[in-house]
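Read-outs throughout are calculated quantities, based only on the coordinates presented, and are distinct from any laboratory measurement. What you see is a predicted model; the values in this text were computed from it and never measured. Here the Cβ positions follow ideal geometry from the backbone for every residue, glycine too, while neighbour counts run over all protein chains shown.
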Amino acid sequence: MVRRSAEGDAAALLAAVAVLVAERDPRPAAVAEAVGWALDADGCELRLDGERYSWGAGGAGFRAVICPGAELRVRPARGRLGALATVLAPVVELVRLTRSVDELRRRRQVAAAELADGRWRAAADMDTERRRIERDLHDGAQHHLVALRMAVAVAEHDPTFVPTLRKRLDAAQESLTRTAGGILPAALAEGLAAALGAELGGHSDVRLDLGEVPRYPEPVETAVYFVCLEAVNNAHKHAVGANIDVRLRPASDGLHFSVCDNGPGFAGGGGGSGLVNLRTRLMAVGGTVRVDSVVGNGTRVEGFVPRILE
């Protein structure tokens, strides 16, 4: 009987390892298990790039270097381990390559997820901006158009009112320009009371009770500004000739405000698109709004935005 050489032993063991690894996948733990079985060892440990992968009782016995950053430890010591370790270098490199591919695949999945998330957020931002423009046109520009229509009706009977039409047209054009550019009314830079005074002070049917209103965060001032304009606009459309009161009431718990008219009122809760816009505006800043109206007793719009504690 001819005894196999050390190289033959190593080749046979490598073949056994290759079969066992191929049956699973080139995981470091699978390599440690395959080596342990091939050497009929009690335990085997593969140390690869600073990490340990053990099988059986571990690897406190004989140590053999496979290649830089990779070594085997088998218990008990096996004389054939050195030759096997020498030819295991390709297997270790395959393990490393597989791990690199897995990492690249993971990064690709993360990048794909981030891209999908970015597209979703971009679509959401576009939809939010579209809704903002829609609300601003409804609450701001439409207010000017209603006022312009009223002014035209007056001018038909009183030619001296024509200069007022020019002012209304200029205001409507400015509002549309601001909305298209996403720019807030310049008067808001001076505060909510100043903005409402500048916008509504020229209406003879609107009485302002604004008092001394402190500054609030820009989103709050913007929301309340447009809600008040929308409420006044609704009064102009549905309660023609009525007197309108606009009030701001700052308090310790937040900002209270109301828009009331003494027009004909209406039955029901007023759940049309106008009220939806009002609620949407205030909900975005944590506020609430309610509309009370009784036929023959006018309409009252009350809103509240709680104070944000620092």
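For region 190-310, the convex hull drawn through the C-alpha positions has a volume of 94 cubic angstrom per residue.
Measuring r between the beta carbons of ARG247 and ALA113 and using R0 = 51 Å, the FRET efficiency lands at 0.50. Label LEU97 and ASN297 with points 7 Å out from Cα along Cα→Cβ: what is the distance between them in nm? Output for this residue pair reads 8.6 nm. The stretch between VAL65 and LEU104, if pulled fully straight at 0.36 nm per residue, gains 11.3 nm over its current Cα-Cα span.
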